[in-house]
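Quick notes on the structure that follows.
The values are calculated or read from the model by the stated rules, or taken from the named source; none is laboratory data. None of the values given here were measured: they were computed from a predicted structure. Please note: Cβ atoms are built from the backbone with ideal geometry, for glycine as well, and neighbour counts cover all protein chains shown.
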């Protein structure tokens, strides 16, 4: 007789959560009142459209698979981000608008379910954002304070406090500190070993999380670094002509991730009422790169846009030769960012890991 394995407790919890999300969505409710998003280009929903920066994605072919409009939104993707899928999984009725967008600036009601403060090119170091004209994490936190005042003025202090304390806060940062600063800045590389640089990022990480806490955040999810050496642009720039992942960069990711976990634990010890989860992005993305067919993909080394080796932002434009016609089988959309299809897979992993933020 064939023996079937029983589902794990985490699988059962995920199924129950998905059923709950579906039920609450049908009733017009959500699992949380809102979502606040901070960080870099992986989660930027269009803030860089309003900044004087070359790190932008407000032109085709970005957004070509975005639902309904099939037009660029400022997301560094052909469609939806992992955070967009997370919003849907939580039962929220709309995506948190980019805070600098015309919609968010002109209509306070659009902010009643959260906001997106992320900016492509930002890192834990404010100096990283300054290199690219991006909105630093410090600035993003300042906008959160402004956001809270606007919501309180429009909806009342009670609703503003409930939104602040009940929302899930997502922070995605660190990759730009390495790939767009440390690895390309000889002075930075001379000043720090990779291990020392990871240590140097822990203080601004801690300061930012403590800052969110002081503003009322109680449910925070922070993403780890991805396998930086597997990003197509990283392979091109730092791989020395070898087509495989750059192990040196992947090792730096793992070093940072270990230190990030320890720093997060230290914050939680000081703040027992804070739910703080470090989302592991490293392993889910590495699995997609190494075993793409297991998840329905066929290309995990080259990106869809252009030659698939380096094109990102302004290099990934409508006329870039070689851009694929269908990105659903690709793990990467451009040199640094996953496709809509890959983001869906990553969002499912985030949901599993973030159960305690919702409970």
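Results for (1) at pLDDT 95 or above; (2) more than 19 Å from residue 172 (Cβ to Cβ); (3) crowded, with 24+ Cβ neighbours inside 10 Å; (4) touching a helix residue (DSSP H, G or I) at 6+ places or on another chain (Cβ under 9 Å), shown as yes or no for each residue.
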| site | (1), (2), (3), (4) |
| --- | --- |
| 68 | no, yes, no, no |
| 71 | yes, yes, no, no |
| 79 | yes, no, no, yes |
| 85 | yes, no, no, yes |
| 124 | yes, no, yes, yes |
| 131 | yes, no, no, yes |
| 134 | yes, no, yes, yes |
| 141 | yes, no, no, yes |
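Given the criteria part of a loop (DSSP other than H, G, I, E, B), in contact (Cβ under 8 Å) with a residue 40 or more places away in the chain and over 16 Å from residue 76 (Cα atoms), does residue 297 qualify? Yes: the conditions hold for residue 297.
For every residue, the table says whether it meets (1) in a helix (DSSP H, G or I); (2) closer than 24 Å to residue 119 by Cβ.
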position	(1), (2)
254	yes, no
258	yes, no
262	yes, no
273	no, no
285	yes, yes
304	no, yes
311	no, yes
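Might you let me know whether the stretch 324-338 holds any residue that is closer than 21 Å to residue 207 by Cα, outside any helix (DSSP H, G or I) and over 21 Å from the mean Cα position of the chain (by Cα)? No, there is no match, as no residue in the stretch 324-338 is closer than 21 Å to residue 207 by Cα, outside any helix (DSSP H, G or I) and over 21 Å from the mean Cα position of the chain (by Cα). Here the stretch 87-103 is the region considered, the condition is being part of a loop (DSSP other than H, G, I, E, B) and closer than 13 Å to residue 33 by Cα, and the residue that is modelled with the lowest pLDDT is 93.
The set of residues in the stretch 195-247 being in contact (Cβ under 8 Å) with a residue 40 or more places away in the chain and over 24 Å from residue 38 (Cβ atoms) consists of 195, 230, 232, 235, 236, 237, 238, 243, 245.
Can you tell me which of 347, 266 is in contact with a helix residue (DSSP H, G or I) (Cβ under 7 Å, 6 or more places away or on another chain) and assigned to a helix (DSSP H, G or I)?
347
Of the residues 31, 17, 54, the single one that is modelled with pLDDT of 55 or more, touching a helix residue (DSSP H, G or I) at 6+ places or on another chain (Cβ under 7 Å) and surrounded by fewer than 16 Cβ atoms within 10 Å (Cβ to Cβ) is 54.
Conditions (1) within 20 Å of residue 291 (Cβ to Cβ); (2) out of contact with any strand residue (DSSP E or B) (no Cβ under 7 Å at 6 or more places or on another chain), marked per residue:
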residue	(1), (2)
206	no, yes
213	no, yes
218	no, no
241	no, yes
250	yes, yes
257	no, yes
